[in-house]
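The values are calculated or read from the model by the stated rules, or taken from the named source; none is laboratory data. As the structure is a computational prediction, the values presented were derived from the model and not from experiment. Methodologically, a virtual Cβ is constructed for each residue, glycine included, from the backbone with ideal geometry; neighbour enumeration extends over all protein chains shown. Calculation scope for accessible area: heavy atoms of the full protein, side chains included, ligands and nucleic acids excluded. Shrake-Rupley method; radii C 1.70, N 1.55, O 1.52, S 1.80 Å.
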Amino acid sequence: MSVSRRSFLRGATAAAATFLGQPQIRASETRRFVNALKIPALLEGAPGAGGKLYELSIAAGKSEFLPGIPTPTLGINGAYLGPTIRCRAGDRVTFRVRNDLTEQTTLHWHGLHVPASADGGPHQIVEPGAVWEPSFEIKQRASLCWYHSHLMGRTGEQVLRGLAGLFLIEDEESLSLRLPSEYGVDDIPLILQDRRFNADGSFDYLSAMPDAMMGYKGNVILVNGTADPHVVLRRQRTRLRVLNGSNSRIYTLGRDDEEDLFVIGSDGGLLEQPARLRRVRLGPGERVEMLVDMQTNQTVKLMSYPDRVTAGGMGPGMMMGGMAGNTETFPIIELRAARLETTDLSLPGRLIRVPSWTPAQATRTRTFTLDMPMMGMGMGMGGMMGRRTMEGLMGINGRSMNKSRIDVQVPLGSIEIWEIRNATPLTHPFHIHDIQFRVLDRDGDPPRPNERGLKDTVLVDPDSAVRVIAEFGDFADPQHPYMYHCHILEHEDAGMMGQFVVV
Ligand code: C2O
Ligand code: CU
Ligand code: CU
């Protein structure tokens, strides 16, 4: 690309950013990472006759993110976010989910392979004052999953206000690898979220036109609900388990000292082998597990860096394409090494065997094209300006989400390839309930090293197609659908979601 075209693109992107009022991350230079990172409480479940019982109460509360300013929030067993649910592969678990809100909600187990009736999606509504009690067996291996509200049309708002938490599954195999696994000490969860605040301290949501179309972006980064966070590390090697719990922001993680990250896990568990990477891109809903080695008294910032963005041609598309990812460099958290206990710094060359399927095993390929029809010729930018939500204006294969329509029927036990095509100028994180898939390819190229494990969410860039493959086993139910959708929550709420049943 010629220099003049490149600088033209950059200029156009900046112009579009100003035009669309995308907030810039507030510089945290002056605030110096003053707050100790909060670590979500562990919830192990009470052993009983029927397995482990977990009590979860959803309620409204107040949280202080900014000094001296209370923010109205929602939380699970607390004012904001929820506890880290921990269990073992093979466990029988029961959740007693109480809704103490004055509004409906749901809790979806993102990444878990469970019967559709227990999935916690838009059909499993918990009314105010009611209790929902799903029970299932943990039929998957060690992984970092999560849970969050999935109320039709209001997921973005409820997750933003705080209805999310981590779901940690352990198993013998992963524990035998002697990776750091002391929760909160050398095994540290990081839930990344961005928020904007009104002057009265409340969260600012959907007040800006670009929120609904581009996805909500905040200008303050919260980690586990902590603004300007630091964490003091005590061992030479620390495992960071990172969830991108943001509504729409994509992060490109890296260390500010430009050392490599050792990626060991993706959404659905460990990789076959560690991947040394300078940068790791993480879309909404995705998880990454990585090892960070430090020396005594060293201070390192975990950063987010600009994406290499694919600009998608000319016109508004190009401008949006330029905004599909991050254009900013900003710190997420400061890692402070105290006097470090020495730990074994060798790394197993091989971690686990990850299930894989070949295209030859697949009985069929389905295509899912992500649509934002109003971005085409018809409506144009002007027509969208006044809208606060895009409800019903986004879709998949030309159709917007409809709770009473089943879009896809998958025969039980079949292996299928799902090809996700992105005809829009934005990057979308595509998520499938029920299963964990392998990424086959992206525009014919092999997936990135950090994507070579089991996954349930994958980024699909503009003008690009990603093929994933999975087996739809165990749970057939013609009545209760699972969802597939874009995990930009504003897009999901606008209808970029569909339903499948396994029969
Ligand atoms: Cu993370 Cu359908 O959800
Ligand atoms: Cu999910
Ligand atoms: Cu999307």
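Values for this structure:
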| quantity | calculated |
| --- | --- |
| Only listed residue being assigned to a loop (DSSP other than H, G, I, E, B), within 12 Å of ligand 2 (Cβ to nearest atom) and surrounded by fewer than 23 Cβ atoms within 10 Å (Cβ to Cβ), chosen from H113, H150 | H113 |
| The listed residue being at positive phi, within 16 Å of ligand 1 (Cβ to nearest atom) and crowded, with 21+ Cβ neighbours inside 10 Å, out of G285, G225 | G285 |
| Leading residue by the ranking (surrounded by the fewest Cβ atoms within 10 Å (Cβ to Cβ)) among those in segment 419-446 that are within 16 Å of ligand 3 (Cβ to nearest atom) and assigned to a strand (DSSP E or B) | R421 |
| In segment 132-147, the residues that are closer than 22 Å to D477 by Cβ and either more than 15 Å from ligand 1 (Cβ to nearest atom) or open to solvent by 10 Å² or more (accessible area, probe 1.4 Å) (or both) | W132, E133, P134, S135, F136, E137, I138, K139, Q140 |
| Yes/no for P72 being over 15 Å from S149 (Cα atoms) and touching a helix residue (DSSP H, G or I) at 6+ places or on another chain (Cβ under 8 Å) | yes |
| Enumeration of residues in segment 469-487 that are within 16 Å of ligand 3 (Cβ to nearest atom) and not in a loop (DSSP other than H, G, I, E, B) | M483, Y484, H485, C486 |
| Near pairs, Cβ below 6 angstrom, 6+ apart or cross-chain, from segment 406-430 (assigned by TED's automatic domain parsing to the domain that holds P122) to any residue that is away from ligand 3 (no atom under 16 Å from the Cβ) and not aliphatic (A, V, I, L, M) | none |
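Condition check ((1) more than 19 Å from the chain's Cα centre (by Cα); (2) open to solvent by 20 Å² or more (accessible area, probe 1.4 Å); (3) of a type outside the set (F, W, Y)) across all residues:
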residue	(1), (2), (3)
I188	no, no, yes
Y205	no, yes, no
I221	no, no, yes
L233	yes, no, yes
N247	no, no, yes
